[in-house]
Every structure is written in structure tokens, then in C-alpha cells.
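First comes the structure, then the notes that go with it.
What follows draws every value from the coordinates through simple rules; no lab data is involved. Model, not experiment: these values are computed from the prediction. Here Cβ is always computed from backbone atoms with ideal geometry, including for glycine, and neighbour counts include all displayed protein chains.
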Ligand code: GLN
């Protein structure tokens, strides 16, 4: 069998995945250790029995619902190729909006930045890659994810990032950051979409946050004011129906210039605000 014939297996995924063809290409690239351009330029390459068999096994796991990123162990995010494992959420394209928005802010050249619940390290590493003079701290609760983020950091050869275990602010020494970012868990405990698609394979601790999905957002918005410099920014990702509630939490905590940005599907996805110290008496 040749590459183009094997990729016709994508039809078996059509009813399960919006990206059936891409999924199959990524699985085959992983097995052949080539990039997608290779598949396009060598569609007539003959495949060994062993590769065909391995492909079949991966395809069956994909048909059973496992996310491609877990099958191949990596996910592209921003300009990076990140290792992923079932210890962490798979980085989403929506989260690139958070990176993009953070890079547009007017911030000191040598900003101190904090990423809460970094998972694979996606946000922290993307920011550190773009701004080599920023010093980025990234914390994460799950030990498996902390290790993974450190491996990703080493692969990116970044010297301006430190990663350690902490439950939100618990282990962070009191200090002032110019920017705090987070993609926390924000799904409602009984949200029906938790039983569908890729999220079934992702850790609940990275997805679910109380009856309204706001438990962690509430905590980190309230606590971040103690860790922000005067004029510092907080930026969080949230569910598309949580914009108004999140803006209110920002305002209650004393943030100004509170604003929500829409993702590529025109859904409210990122809220940011600026913290100014209350005037001295
Ligand atoms: N956006 C993700 C989803 O809906 C959830 C990510 C999160 O909870 N931080 O699948």
C-alpha cells in the first residue's frame, strides 16, 4: 500500500472528527518521522507492513475517541511543538489568543510574568520565546504536568522561565508581577460536553471547576491583586458564556480597563484588566 491509499482510511473518522484527514496525516507523520509536506510530495511512497499495522492500531484508538495529541505525544502551539500527556490539557488554538493579546500590552521591557496552571507550559513558553527579556514564572499543581512543562522548557532552550509546583498562589513568594496569565479549569461540573470528544481523555482537574465553572477563576482573580505591580495586568481564559461573570469578578477585585476579547469563533474567551494600587491616604 502507498501513502495516498493509506490516507483514504480517513473516511473511517469522518463521523467522529472534524479533522479526519489531518488526524490521519498526523498519525502517519509520527510513524514515518516526517512532516506533512513529505506526505504531499511523496504520495506514492510504498509503506511497509509494519507501518501499516501500527497505523491501523493508532487509527483504532482514534476511532475509540483518543485525541491525536495523546496518540502522538505532541501538539503544536504558537510556534512551538509541545510534548503532551494525559497529565495535562492539550493546548488549544483559542489559547493562542491569550498569548497574542498579552504580547500587545504595553509592558516594561523586563517584565515579570506569572502563568498559573501552566499544564504543558504552553502560555509561559510562548511568551518567553517572544520576549526574551521577560522573566516568566509558571506554576502547576499536578506533578506529572510540572515535569512535562520542564521538559518542554528544556526543548525550547529557554533560560528565562522557572517552573515549579504550586496550587495557584500557595507556593509563590509574595512579589509583584507586571502580568499574570492563566487558562484555568472553567467547565461546569455537570456540563454535558465532558462526556463527548477529546475532553473525555483529559484530566478533570484541568477542566472542571465547580457548579458554574467559576471556582478557580474566582479565587485567582481575587488573589492576584496581592501579586500585581501597580498598573499590572491580569488576563484569563474562560468559557464562552462566562464573560459577564468574569468581568464582574475583575471589577469586584478592583481592576480597571476590564475588557473581554472574542476568539476566532466570535465567542467571549479572554478577559483582561489592569490593577492600580488604591491611592495612599
Ligand atoms: N476550552 C476547553 C474546552 O472547552 C476547556 C479548557 C479549560 O477548561 N481551561 O474543551
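What's the ranking of 143-149, 84-90, 104-110 by average number of surrounding C-beta atoms within 10 Å, highest first?
84-90, 143-149, 104-110
Just to be sure I understand the model, the point goes 7 Å from the Cα along the line to the Cβ. What's the resulting residue 196 to residue 240 distance in nm?
Spacing of the two 7 Å Cα→Cβ label points: 1.1 nm.
What's the angle, to the nearest 10 degrees (0 to 90), between helix 243-252's Cα axis and the longest principal axis of the chain?
30 degrees
Please state the relative contact order of the chain as a whole percent: Cα pairs under 8 Å, 6+ residues apart?
Answer for the chain is 13 percent.
Can you list, largest first and rounded to whole Å, the semi-axes you get for the stretch 144-277 by taking the square root of 5 times each eigenvalue of its Cα gyration tensor?
The three semi-axes for the stretch 144-277 are 23, 22, 14 Å.
Report the calculated FRET efficiency for residue 109 and residue 157 (r = Cβ-Cβ distance, R0 = 22 Å), to the nearest 0.05.
0.55
At what distance in nm do the modelled label points of residue 44 and residue 60 sit from each other, each positioned 7 Å from its Cα along Cα→Cβ?
Between residue 44 and residue 60, the label points sit 3.3 nm apart.
Using alpha-carbon pairs under 8 Å, 6+ residues apart, how would you state the relative contact order of the stretch 126-236 in percent?
Computed over the stretch 126-236, the figure is 27 percent.
So what's the gap between the Cα centers of the stretch 181-196 and the stretch 60-138, to the nearest angstrom?
What the calculation gives is 18 Å, centre to centre.
Hey, what angle do you get for helix 94-104 against the long axis of the chain, alpha-carbon based, 0 to 90 degrees rounded to 10?
50 degrees
Which residues in the stretch 111-142 place their backbone N less than 16 Å from a point set 7 Å from the Cα of residue 257 along the Cα-to-Cβ direction?
In the stretch 111-142, the label zone of residue 257 (backbone N under 16 Å from the point 7 Å along Cα→Cβ) covers 111-112.
Nearest 10 degrees, 0 to 90: what angle lies between the long axis of helix 143-155 and the longest principal axis of the chain (Cα atoms)?
Helix 143-155 sits roughly 80 degrees off the main axis of the chain.
Pop a pseudo-label 7 angstrom from the Cα along the beta-carbon direction at both residue 94 and residue 29 and give the gap in nm to one decimal.
For residue 94 paired with residue 29, the spin-label model returns 2.4 nm.
Does anything in the stretch 65-96 have its amide N under 20 Å from the 7 Å Cα→Cβ label point of residue 51, and if so which residues?
71-74
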